[in-house]
Amino acid sequence: MTPFLRVDGVHVRYDDRPALNGVSLDLHRGTVLGLLGHNGAGKTTLARAVTGLVPLSAGRITVGGVDVTRDRRAARRLTGVAPQDLAVFPPLTAVENIRSWAELSGLRGGRCRRAVDEAVEMMQLGELRDRRVGQLSGGEQRRVHCAMAIVARPPLLLLDEPTVGVDPVTRRAILGHVGALAAAGTAVLYSTHYLAEVEQLGAEVVILHRGAVLAAGGVAELVGRFSETAVELTFRSGDGVEAIRTPVADPVDELPAVLHRFGDRRQDLVGVAIHRPSLEDVFVRLTSGETRLTSGETGPASGEAPAAEEAGR
Amino acid sequence: MSALVAMVRHEWRVQRRELAPVAMLTIMPVVLITVLLPTYENALAQDARGVGAAEHAVPGFAVMFALFLAAHAGMTFFRDHAWHTWMRLRTLPVPASTLVTAKLVVPFLLVLFQLVAVFAVGAALFDLRVRGSLAGLVLVLTVFAACVLALSVLAVAVCRTVVHLAAVTNVGTLVLSGLGGALVPVVLLPGWLQPLAPLTPSYWAMRSLQTVVSDGAGLTGVLPPLGVLGAMTAGVAAVGAVLLRPDRPKEAW
């Protein structure tokens, strides 16, 4: 199946500094692709490149088969964006913000009204619809900001850290709606620092680091490839405690063997824990490994990164 | 609804919430005319040019306070950068030229409203008589409103912060008003300054207005000075358009 968004070997430079360095990824309709990376990794630059806001020094981006460089306007018609920075019009009411955006996106008449009502409903803005956005809390403004991105129901949605500053209930609601939009056929590029959100969304993941794809794949796949389950035994040691972590394939089956191995310290044993790796463990390991690599040392990601980069497609 | 119309509607929604400066800059010239009309009567009587005080004060203060609105128009650009909405607007399938044009439509109409309002109050309260063509007067006001917007675009193009914009537009307004003959007739300026007056658009705006208001010219008669004003407007707009980089970040301070 042809991906709805294809990013193919994209390089972007800001003056002499490379911001994206050969990034490739595919995003299909009906799926969510989580874009992870430290600050400055290139996530926002990638979103800007997809909307044609920064010129590519090499590579190609297509949205719905439209080359972004050749026909920016046609590509933008297919794209809804919630940028990282909160971008709302404070003097307008919540519903005026959303209506303005619907009209600017080309909706009109009854279709526009229905779309606005749906977006208000979806982002639970009913009670806030006639309040000026400048008077709303940061989290409420963020909901208006997201509603503007989805109001025209674009087939491609770029959400750049959409849950920054929102409360847990709103975050859960936003994640639910992102999942629902994907289920309805929207292709969602979801950039975030909250790795648990990506796991909740069941998204495919691309980890960006210093403008390049460091790893890509499903959450389970990445966790399996780049991290390991372990049994952690904690022993009394002098005035403190000592934790010893032992990698295992199946913690339940292998726990007796691990305990047996440390049988001579059984009287000092104070804790047993099973450590199941998360996406966060993978992220930290890969990105810190890359740091070590660039400083001339070996690291756990040294052999993985090239293969991972290929997996970006 | 075209993108331009949608954007103008959107700008109106935003700018109608910020009409206090426009109201102030419409009321202030009326206040100043009221206060300073006797002074103008004395000054112009001494000059014995036969031009009534209101025939100078009303166009003069209208021109000066319209120029003050250039800052208001320029703020619409800085505002969108401060709200981070400019780059978001740029993700829409709308060319930057359409966004810029649409942002200028509402300020243009506000400047025109301000000019017409000052002249209407001038006629009602200060016995201003327009001896020439009313259509000619409206044409001059329209071209001058466009000139104010062109100056505003140029100011936005060269200023990086709101503070710069305020300084440039305030000082620019006073210089253009003084030198162009909006504050006092050019003949009352120091002799060494008078040759510089025709270099300013405000001078040609005042010349055009006085040609209609005081000299009783019709549409044809006002065309020579108005043509110069139009040419200057086109020139300023062209330079502003070339220098304007709407995506270049603007800062509040």
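The values are calculated or read from the model by the stated rules, or taken from the named source; none is laboratory data. Nothing here was measured: the structure is a model prediction, and the numbers come from that model. We place every Cβ from the backbone using ideal geometry, glycine too, and count neighbours over all the protein chains shown.
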Subset of segment A:61-81, residues touching a strand residue (DSSP E or B) at 6+ places or on another chain (Cβ under 6 Å) and free of Cβ contacts under 8 Å to residues at least 60 places away in the same chain, comes to A:61, A:62, A:68, A:74, A:75
Hey, residue A:170 hits all of (1) assigned to a helix (DSSP H, G or I); (2) hydroxyl-bearing (Ser, Thr, Tyr); (3) free of Cβ contacts under 8 Å to residues at least 40 places away in the same chain but one; which does it fall short on?
-> (3)
Inside segment B:20-33, can you point out the residues that are within 14 Å of another protein chain (Cβ to nearest Cβ) and either under 13 Å from residue A:105 (Cα atoms) or touching a residue at least 40 places away in the same chain (Cβ under 8 Å) (or both)?
-> B:21
Mind checking which residues of segment A:178-195 are at pLDDT 90 or above and either charged (D, E, K, R) or surrounded by 20 or more Cβ atoms within 10 Å (Cβ to Cβ) (or both)?
-> A:178, A:181, A:182, A:186, A:187, A:188, A:189, A:190, A:191, A:192
Any residue in segment A:243-253 that is more than 21 Å from residue A:286 (Cβ to Cβ) and in contact with a Lys or Arg (Cβ under 7 Å, 6 or more places away or on another chain)?
-> no
Please give the number of the condition residue A:237 fails out of (1) of a type in the set (S, T, N, Q); (2) modelled with pLDDT under 85; (3) surrounded by fewer than 20 Cβ atoms within 10 Å (Cβ to Cβ).
-> (2)
Is there a residue in segment A:94-106 that is under 26 Å from the mean Cα position of the chain (by Cα), on the phi < 0 side of the Ramachandran plot, among the polar types (S, T, N, Q) and facing chain B (nearest Cβ under 7 Å)?
-> yes
Restricting attention to segment B:1-12, and to residues there that are at the interface with chain A (Cβ under 7 Å from one of its Cβ atoms) and surrounded by fewer than 19 Cβ atoms within 10 Å (Cβ to Cβ), which single residue is nearest to residue B:73 (Cα to Cα)?
-> B:9
Show the residue pairs that are 6+ apart or on different chains and have beta-carbon atoms under 7 Å apart, the first residue being within segment A:228-243 and hydrophobic (A, V, I, L, M, F, W, C), the second being part of a loop (DSSP other than H, G, I, E, B).
-> A:230/A:248; A:231/A:248; A:233/A:262
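Pick from segment A:59-93 the residues that are over 14 Å from residue B:88 (Cβ atoms) and hydrophobic (A, V, I, L, M, F, W, C): which of them is farthest from the other protein chains (Cβ to nearest Cβ)? First the steps, then the outcome.
Of the residues in segment A:59-93, the ones over 14 Å from residue B:88 (Cβ atoms) are A:59-75, A:77-78, A:91, A:93.
Subsequent filtering for residues that are hydrophobic (A, V, I, L, M, F, W, C) retains A:61, A:63, A:66, A:68, A:74-75, A:78.
Details: A:61: 14, A:63: 11, A:66: 11, A:68: 12, A:74: 7, A:75: 8, A:78: 9 Å.
Per the stated criteria, the residue is A:61.
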Restricting attention to segment A:200-228, which residues are over 26 Å from residue A:64 (Cα atoms) and either part of a strand (DSSP E or B) or under 13 Å from the mean Cα position of the chain (by Cα) (or both)?
-> A:200, A:209
Of the residues B:150, B:182, which single one is in contact (Cβ under 8 Å) with a residue 12 or more places away in the chain, under 16 Å from residue B:72 (Cα atoms), crowded, with 19+ Cβ neighbours inside 10 Å and within 13 Å of the chain's Cα centre (by Cα)?
-> B:150
When you look at residue A:132, is it under 22 Å from residue A:36 (Cβ atoms), within 13 Å of another protein chain (Cβ to nearest Cβ) and not hydrophobic (A, V, I, L, M, F, W, C), yes or no?
-> no
Top-ranked residue in segment A:152-177 [being touching a helix residue (DSSP H, G or I) at 6+ places or on another chain (Cβ under 6 Å) and under 18 Å from residue A:206 (Cβ atoms); ranked as surrounded by the most Cβ atoms within 10 Å (Cβ to Cβ)] = A:158
Strands (runs of 3 or more DSSP E) completely within segment A:32-125 that count 1 or more residues being over 14 Å from residue A:144 (Cβ atoms) and of a type in the set (Lys, Arg) | A:58-63
Which residue pairs have Cβ atoms closer than 7 Å, lie 6 or more positions apart in sequence or on different chains, and pair a first residue in segment B:53-73 that is in a helix (DSSP H, G or I) with a second residue that is among the charged types (D, E, K, R)?
-> B:53/B:41; B:54/B:127
Condition met for residue B:92 (within 30 Å of residue A:108 (Cβ to Cβ), within 14 Å of chain A (Cβ to nearest Cβ) and not in a helix (DSSP H, G or I)) = yes
Test for residue B:212: is it in a helix (DSSP H, G or I), aliphatic (A, V, I, L, M), under 15 Å from the mean Cα position of the chain (by Cα) and modelled with pLDDT of 95 or more = no
